[in-house]
Amino acid sequence: MSRPTPVVALYPGSFDPITRGHEDIARRGLRVADRIIVAVAHTSTHQKSGLFEVDERVALIRSVFEDEPRVEVLSFTGLLVDLARDQGAHLVIRGLRAVSDFEYELQMAQMNHELNPDLETLFLVPEVNNSFISSSLVRQVAALGGDVSTFVSSQVVDGLTEKLRG
Ligand code: PNS
């Protein structure tokens with residue numbers, strides 16, 4: 001297959017909420033893609049219950065990438081391969097933090113490639129300082145009154161404060 005131009009990549013996930021690790025991966029992705037679509041999966045699409053509503057996650061991600069016109073944010077239901085087709089994306093970006101991520105990521109990459117052989121998954125590795133951060137730990141630490149300002153951007157700190165106060 002020839003290289004599509006421009007290169008459009010999907011960066012899918014739950015992003016509940018977006019962390020500095022996610023941000024790191026998306027910004028690295030811009031080195032290989034002309035445009036990145038951060039795609040927030042609705043919970044019906046995978047088996048996780050969340051803290052932020054999907055629209056709130058989208059708004060937080062948009063505010064984090066306010067400075068970056070090559071990053072677009074949307075939410076989706078259904079299969080990632082269908083979203084890729086609709087958006088003209090041939091690349092899926094995922095972050096790999098540790099070996100424990102690998103098995104699940106490999107399975108998803110292979111399934112997506114099986115469903116759409118034109119879709120490639122590219123794994124990117126975050127900065128060491130970001131490699132232990134996960135949205136679930138951020139939610140837990142914030143809910144128990146811990147300081148998460150090193151793990152998420154200030155907009156997300158504000159969002160968490162408001163959400164947990166409510
Ligand atoms: O950040 P997460 O929660 O690990 O992201 C998982 C996500 C949303 C990327 C994955 O569940 C997904 O792609 N869901 C869409 C449904 C789909 O296409 N499933 C088959 C992929 S193997």
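Before moving on, here are some points about what is shown:
- HN-Hα J in Hz across segment 130-144 - Karplus 6.51, -1.76, 1.60, θ = phi - 60°, x for Gly and Pro: 9, 7, 9, 7, 9, 4, 5, 5, 4, 4, 5, 4, 5, 5, 9
- Solvent-accessible area of the chain (1.4 angstrom probe, protein heavy atoms only): carbon and sulfur portion equals 51 percent.
- For ALA109, net neighbour charge (Lys/Arg +1, Asp/Glu -1) across residues whose Cβ lies under 10 Å away: -2
- Per residue, segment 82-128 exposes 64 Å² of accessible surface when a 1.4 Å probe is rolled over the protein heavy atoms with every protein chain present.
- Using C-alpha pairs under 8 Å with a sequence gap of at least 6, the mean separation divided by the residue count of segment 8-165 gives a relative contact order of 31 percent.
- Loop-located GluC sites (Glu not before Pro) in segment 1-72 (DSSP state not H, G, I, E or B) with no more than 12 neighbouring Cβ atoms inside 10 Å: GLU66.
- In plain terms, the chain from LEU115 to ASP86 could stretch by 9.0 nm, reckoned as 0.36 nm per residue minus the Cα-Cα distance.
- Cα gyration tensor shape for segment 1-131, rounded if a/c is under 1.5, else prolate or oblate: rounded
- Among the GluC sites (Glu not before Pro) found in segment 77-135, those both in a DSSP coil and sparsely packed, with 14 or fewer other Cβ atoms within 10 Å of their Cβ, are GLU127.
- Cleavage-rule hits, chymotrypsin sites (Phe, Trp or Tyr not before Pro), segment 53-139, DSSP coil, Cβ neighbours within 10 Å at most 12: PHE132
The values are calculated or read from the model by the stated rules, or taken from the named source; none is laboratory data. Because the structure is a prediction, the values reported are computed rather than measured. Methodologically, a virtual Cβ is constructed for each residue, glycine included, from the backbone with ideal geometry; neighbour enumeration extends over all protein chains shown. With ligands, DNA and RNA removed, areas are computed over all heavy atoms of the protein, side chains included. Shrake-Rupley method; radii C 1.70, N 1.55, O 1.52, S 1.80 Å.
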